[in-house]
Amino acid sequence: MASAIKDDSAIEKAKHLPALLSKKFNITDVKQDALKWNKEWEAAIASSTAADVLKEICHFLDDSFFTPSDIEFLHQDLRSVQDHVAEILRSLFNEGHFDTIWLLLNVTEQRRHILEGLKEASEARTLWGQDCRALCPEVTVSNFLAQGGKGFVDFLTRVLEITESSTKPAFLPNSWWEQASNLPNPWWGQASDVSPRKQISESTKLVFEVATIDRNKFIGHFVMFSAMSIVRDITNRSEGMKGVLHLMENTEGYVARSLAGVKTTLRDKPLIRCENCTKTPEDIGQGVRFMVCSVCKTKLKFEVHYCSQACQKQDWSLHKQACGKKPVSKGLRGTKGDSLWAFGDSNPAVELIRNLGKKEGRGLTSLRDIGVNPCKGKRSPAAERQAEMLEADRNVDYFLFTASGEAVRFVIDDPGAKMVFRINRGMVMTKTGDTGLDAMGEYMLKVMSGYPGLSRHIILKQLCEEHGADTAKKIVWLERKTRERGKTTFIEDWVKDSANVFGDWSWLGSL
Ligand SMILES: [Zn+2]
Ligand SMILES: [Zn+2]
């Protein structure tokens, strides 16, 4: 017992370290307003170098503040926090479907958990308390919320990897922070005494080492407390978690996973691109400031962006036709003028829509434009005829045939169902996969079996002719599964469940 008290002396001593940085940057109390607190820290970090920060927090320290046994204790202490963190993360990732649940949460909920983690980490036992926040530039809410929350999953994955790679205390690499490792000594003394050789003394290294330990401890606490905040919500089925848990429990695992995947590719705001060279500010870098056409802005409240005067000049012969008269832009990919701006570039369904528009030399487009595309394999003659008819009449979702061979136009009104049906249809008709055929069949049987001249038997027979003899078996199997789960049809359930995550799909109808 006595030795434990002795070992703890580093932290005991540090209780008297004043919160210099919080004071310097005039940071709001975390208990009052965690969101504001975090914003102010992010701004403070962005305007400082790691050396500034380190100098500031070590104002009252000298070489003798930490003894070798203090350092030893701090190392062990960090590792025991990290062991705990690794254990929590492993069980979350392995058993808890954590990444899927997290990605499906809406952004307000995600932000709340992250702030909860930050708040508790700043109140947990470290040497510098909430000032540790300033040692962790990678811990930013916007990074974590990026790509529908994938930023946070990536961060946790990295923390777990680094923690598991050794049994020693783990240090998360960060180039901003590491720049403080080669400060000249003694940098807290008189600047004039510093030799131009920038010699690094033992004590400078020591203080950097201690601060690095504290930085990693803060990160460990943050990960632990934010993860626990999420687990708590799952256990209590909190209001914000209910919809996601419902979706997880009532759909096949891959449905939830694919929804979560789609969400990682959604943009939260349109991109800005130069109307002429199509580059984004990120493409150009160096903090370039884009200009907008002032005539369009004043007259039409419409923004057309340019990266430079040169680009504006080059584009003028085109732009002048609409300038100040009509709010027209080229609708470059991902920008406000692109009706699919919210979708990132790796979403197969959206690529399908875009490619179709491209193939026909016109911009997008609407759901009716999700066509059938050229076939990659060989279609049966019946499927070939279906494809030709669908290409010829874009308003139809599928052609069914009565016993006497008369074509019945099957048209879906619900935009969400139409989208899912057509995406599946695209895959089936291009032979990029036959998953989806069962869902299409199930849906058509439900809606069209009672139609004059059609029946269950007639529809199944047609689909087998088009897509192979085992088609009926697959459809019947899906029907049985759906019934067992007390559901309507795969497509209708998908639309309903996905609306919990994306909001309803009615906007698709206005494309
Ligand atoms: Zn440009
Ligand atoms: Zn203009």
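The values are calculated or read from the model by the stated rules, or taken from the named source; none is laboratory data. Since this is a predicted model, take the numbers as computed values, not measurements. Because the Cβ atoms are built from the backbone with ideal geometry, glycine has one as well, and the counts that use them run over all protein chains shown. In case anyone asks, the SASA skips ligands and DNA or RNA and just uses the protein heavy atoms, side chains included. Shrake-Rupley method; radii C 1.70, N 1.55, O 1.52, S 1.80 Å.
Order 126-139, 105-118, 224-237, 167-180 from most to least packed using the mean count of other Cβ atoms within 10 Å.
Top to bottom by mean Cβ count within 10 Å: 126-139, 105-118, 224-237, 167-180.
Given 4 °C and 1.567 mPa s, how large is the Stokes-Einstein diffusion coefficient of region 271-337 in µm²/s, with Rh as the Kirkwood radius over Cα pairs?
Roughly 109 µm²/s, to the nearest whole number.
Give the peptides 320-330, 266-276, 209-219 in descending order of average Cβ contacts within 10 Å, highest first.
209-219, 266-276, 320-330
Could you give the size of the charge dipole of region 373-509 about its Cα centre, using +1 on the Cβ of each K and R and -1 on the Cβ of each D and E, expressed in debye and rounded to the nearest 20?
Around 340 debye, computed over region 373-509.
Charges only on Cβ, +1 for Lys and Arg, -1 for Asp and Glu: so what's the dipole of region 61-113 about the Cα centre, in debye to the nearest 20?
420
At 0.36 nm per residue, and after removing the present C-alpha to C-alpha distance, how many nm does the segment from LYS55 to GLU178 gain when stretched out fully?
Separation in residues times 0.36 nm, less the Cα-Cα distance, equals 42.9 nm.
Once the whole set of protein chains is in place, how much accessible area is left on SER69, using a 1.4 Å probe, in Å² to the nearest 10?
60
Does anything in region 265-301 have its amide N under 15 Å from the 7 Å Cα→Cβ label point of SER308, and if so which residues?
Taking a point 7 Å out along Cα→Cβ of SER308, the residues of region 265-301 whose backbone N falls under 15 Å are 274-291.
How much length, in nm to one decimal, is gained on full extension between SER80 and ALA382, taken as 0.36 nm per residue of separation minus their Cα-Cα distance?
102.1 nm
Once Rh is set to the Kirkwood radius over Cα pairs, what Stokes-Einstein translational diffusion coefficient, in µm²/s, holds for region 373-509 at a temperature of 4 °C and a viscosity of 1.567 mPa s?
Value of D from the Cα-based Kirkwood radius: 84 µm²/s.
Give the long-range amide H neighbours of VAL408: residues separated by 5 or more places, or on another chain, with amide H under 5 Å away, using H modelled in the peptide plane at 1.01 Å from N.
Excluding prolines and chain starts, which carry no amide H, the hits are LEU400, PHE401, THR402.
Rounded to the nearest percent, how much of the accessible area of region 271-337 (1.4 Å probe, protein heavy atoms only) is carbon and sulfur?
Its accessible area is 52 percent carbon and sulfur atoms.
Heavy atoms only, 1.4 Å probe, whole protein assembly: order SER166, SER294 by accessible area, highest first.
SER294, SER166
At 7 Å along Cα-to-Cβ for each site, give me the label-to-label distance between SER258 and TRP316 in nm.
5.1
From largest accessible area down, sort ARG480, ARG379, ARG485; use a 1.4 Å probe on the protein chains.
ARG480, ARG485, ARG379
Taking region 453-493, how much of its Cα-Cα pair set, in percent, is spaced more than 11 angstrom apart?
65
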